[in-house]
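One structure is given below, encoded as structure tokens.
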Amino acid sequence: MRRLPVFAVVAFCSFLFGTSGATRAADPDPEQILSDSLRVISQAKSLSYSATYRSRVLDQSQVPEQPPGAIFAPTISVEPRELPMKTIQTRAKVVWQRLPDVADDDDPRVRFSIDGTISTVNEVAEDKEKKAPADKAPAGEKQKKPAGKPAEAGAKAAPAGEADGDEILRIAFNGKVLRSLNTKQQAVLEYASDDGELPLAGITRVLPLLDLTSIPEELSRMNRPADTVIQYKGTETIDGTKCYVIEIRIPLEIETTGEPVAEVKDLAYSRRLFVAQSDLLPRRIENQGAQFPGMPTAPEVVRIDLTQMKLNPPVKTGEFELAVPKGFELKEIETEFTSAVMVGDELPEATLTDGDGKERTLTEFHGKLVLLDFWASWCPPCKLSMPGIQEIHDEFKDKGLVVIGVSIDIEEEVDAAKAYLKEKEYNYLTLFDGSDFSEDLGIRSIPHVLLLDTEGKLLYQHTGDSPKLEKRLRKAIEENLKK
């Protein structure tokens with residue numbers, strides 16, 4: 001089943017410039033540079049590097065306390081300049097090794113170790129330090145000690161507590177078991193995963209450090225939308241290494257209900273790869289969101305710097321194991337669900353309307369396996385997943401499966417949802433006015449899929465869209481159609 005990942009890309013731009021009547025040598029072909037870089041990464045058996053990742057997040061300590069029963073996010077101004085933000089810096093040594101996946105060579109898996117620290121950056125003090133002489137500390141401040149190197153992978157696990165205010169970061173995944181050190185809980189959190197799918201609860205904050213493991217899939221030619229542009233942006237030296245700068249702009253498709261449309265055109269997500277000329281491996285990755293109308297400042301650039309890069313270094317099995325330190329306990333990671341229903345629960349009855357305005361209920365589908373796909377016309381990830389839902393419908397509709405799209409669009413959005421379905425020629429049953437129903441089920445994120453048995457009880461669920469989730473869903477469908 002074809003997928004269009006969030007970072008997918010296409011088409012190339014290569015220009016010749018004339019100067020003083022002569023033709024200057026052509027710029028390097030960005031498409032070729034990207035292709036060569038992806039080839040090197042996809043063929044790498046292992047990689048090790050030091051990574052520094054910065055991100056700006058909402059400072060929860062500065063958020064006003066909410067009244068009892070408040071449902072929505074903090075009641076603070078949505079103006080970006082007024083949001084109480086803080087910068088989080090993650091520094092770690094990363095080692096990963098590709099594992100052969102005999103079930104599907106197109107879905108490679110890796111085992112990895114991440115060893116470092118997470119800290120809050122004092123931007124004001126940092127700015128003063130930059131302006132001060134190199135051999136002197138800023139007035140009123142103590143001379144800072146040089147940043148220490150992240151602990152070597154496989155080293156003895158750190159004791160309880162935090163050093164110098166930094167949160168100790170240590171995660172290891174051996175291909176089947178993920179372990180994460182949590183000094184606050186005095187525990188090592190563990191999650192078993194035979195198929196390589198990992199819980200966001202365990203690795204959300206460190207996913208950018210593993211960006212190199214997903215670049216080949218996300219940027220491959222096969223998965224690129226036709227309107228994405230790749231451009232060569234010159235060269236830049238990163239940590240002493242000269243790099244090609246390749247910019248990937250991914251236009252965003254948004255729905256508008258009023259004028260002026262001109263305000264929302266040319267929106268795009270951009271990603272820059274700084275690819276080393278020496279070995280064609282990225283030394284920096286920058287991601288920047290689109291600047292929507294009304295935003296007083298450009299979106300923050302998220303940057304990951306990669307240094308001490310080693311291609312195919314020798315690795316030992318022990319590097320991907322994490323021992324339980326003395327005084328710590330081993331705890332199982334609880335998988336996060338984005339709904340309030342659990343496997344085995346019978347869904348409450350709901351009356352929704354189909355495209356012709358006819359009322360439909362879930363009980364009328366009892367006796368068949370039912371797949372519910374909750375989506376909305378304003379949700380880009382939902383739209384990326386819908387071609388797959390259509391393929392599942394086409395493949396299993398005559399084998400006992402009923403596929404039902406449940407639109408949570410409200411009021412004027414319903415017309416946009418119907419127009420989108422017609423444009424894309426999706427012909428599985430879609431029910432509307434599903435917003436209240438999704439709230440009854442406690443669904444907090446879409447796309448969200450529920451698979452129900454012949455009695456309307458939950459068999460399987462997942463949130464989002466990925467090849468691994470798709471495989472799990474198909475497996476659940478096939479297993480239950482045999483019963």
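The values are calculated or read from the model by the stated rules, or taken from the named source; none is laboratory data. The structure presented is a predicted model; accordingly, all values stated were derived computationally and were not measured. Here the Cβ is made from the backbone with ideal geometry for all residues, glycine too, and neighbour counts use every protein chain on show.
There is no residue in the range 407-430 that is surrounded by fewer than 18 Cβ atoms within 10 Å (Cβ to Cβ), among the polar types (S, T, N, Q) and closer than 19 Å to Ala350 by Cα. Starting from the range 182-195, take each residue that is at pLDDT below 85 and list its partners that are outside any loop (DSSP other than H, G, I, E, B) and of a type in the set (A, V, I, L, M, F, W, C), counting only C-beta distances under 7 angstrom and pairs at least six apart or across chains. Qualifying pairs under 7 Å: Ala192/Val177; Ser193/Leu178. Output yes when any residue across the range 289-304 is surrounded by 15 or more Cβ atoms within 10 Å (Cβ to Cβ), modelled with pLDDT of 90 or more and over 30 Å from Ala419 (Cα atoms), and no when none is. Yes: one or more hits.
The condition (being within 29 Å of the chain's Cα centre (by Cα) and of a type in the set (A, V, I, L, M, F, W, C)) is satisfied by just one residue among Leu429, Leu347, Leu362, Leu384: Leu384. For the range 466-483, enumerate the residues that are basic (Lys, Arg), under 19 Å from Pro387 (Cα atoms) and either out of contact with any strand residue (DSSP E or B) (no Cβ under 8 Å at 6 or more places or on another chain) or not in a helix (DSSP H, G or I) (or both). Result: Lys468, Lys471, Arg474, Lys475.
Within the range 448-465, the set of residues being of a type outside the set (Val, Ile, Thr) and either modelled with pLDDT under 90 or assigned to a strand (DSSP E or B) (or both) comprises His448, Leu450, Leu451, Leu452, Lys457, Leu458, Leu459, Tyr460, Gln461, His462, Gly464, Asp465. Would you confirm, using the coordinates I've provided, whether Tyr460 is closer than 28 Å to Glu479 by Cα and of a type outside the set (A, V, I, L, M)? Yes: the conditions hold for Tyr460. Checking His462, His448 one by one, the residue that is within 24 Å of the chain's Cα centre (by Cα), free of Cβ contacts under 8 Å to residues at least 60 places away in the same chain, assigned by TED's automatic domain parsing to the domain that holds Gly367 and closer than 20 Å to Glu346 by Cβ is His462 and no other.
Going by the structure shown, is Asp354 of a type in the set (Asp, Glu) and farther than 29 Å from Ala416 by Cα? Judged against the criteria, Asp354 is not a match.
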